[in-house]
Structure formats: structure tokens, C-alpha cells
Amino acid sequence: MTRQEPIKLNINWNGSECAITRRQVEKMRGAWVYMTDDDGCTWTECSKCEHELDSLEEPQNFCPHCGSPMTDEAVDILWARLEAMWDEQAD
């Protein structure tokens, strides 16, 4: 299977199949936004859900609140998980 081929997953509520492409997974990607207020305090928040990270937390591959992938590595991880699900369905 190439990265351009869609992965077909079953949708439980009606049993029909839906194709998911890598481009759709990449569209899910958020970004860490670095904010500073008038007092000079800085923090990081998710561009998707606006969840603020504690100042001591290191930004991660996925948002701990909404689960959005935040880096290219996270998109690759998510795509690999979907491919693994596809392989399980094929068996």
C-alpha cells in the first residue's frame, strides 16, 4: 500500500466504508501557539482547542487535551496507526 492510497475503515453506526487519505490526516494537524501577555508572562496553547500548557510542560507531538497531532512526526504516527488498523481488517 502506498501513502497515496486511501485506507478504508468501517463506520460502526451504518456498516459502510469510508476512505481516509493522508491529506485528511494532515489537515487535522494543529500547531503550538506561543503567547505573551502585557506583563511578560508566556505560555503555549493548542491552535485547535486553545488548551493552555503549563509553563513547565514541554510541547508534545499531540495535544494532551484534544489529541490533535501537532508535528510532522505526530502525523506520521497517526498514519502508521491507521495503516495498522487497515492491516488488521485485511486479515
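The criterion of being exposed (fewer than 13 other Cβ atoms within 10 Å of the Cβ) and in a loop (DSSP other than H, G, I, E, B) does not hold for Glu73. Determine whether Val33 is under 30 Å from Ile20 (Cα atoms), in contact (Cβ under 8 Å) with a residue 24 or more places away in the chain and touching an Asp or Glu at 6+ places or on another chain (Cβ under 7 Å). So Val33 does not fit the description; no. Summed over the range 9-36, the residues that are assigned to a strand (DSSP E or B) and modelled with pLDDT of 80 or more give a count of 5.
Of all residues being open to solvent by less than 80 Å² (accessible area, probe 1.4 Å) and not charged (D, E, K, R) in the range 76-91, which is modelled with the lowest pLDDT? Just the residue, please.
Ala90
Say whether the condition of being modelled with pLDDT of 75 or more, outside any helix (DSSP H, G or I) and open to solvent by less than 50 Å² (accessible area, probe 1.4 Å) is met by at least one residue in the range 47-58. Yes, some residue in the range 47-58 is modelled with pLDDT of 75 or more, outside any helix (DSSP H, G or I) and open to solvent by less than 50 Å² (accessible area, probe 1.4 Å).
The values are calculated or read from the model by the stated rules, or taken from the named source; none is laboratory data. For clarity, every value in this text was computed on a predicted model and none was experimentally measured. Every residue, glycine among them, receives a Cβ derived from its backbone with ideal geometry; neighbour counts consider all protein chains shown. The area values use the complete protein model at the heavy-atom level, side chains included, leaving out ligands, DNA and RNA. Shrake-Rupley method; radii C 1.70, N 1.55, O 1.52, S 1.80 Å.
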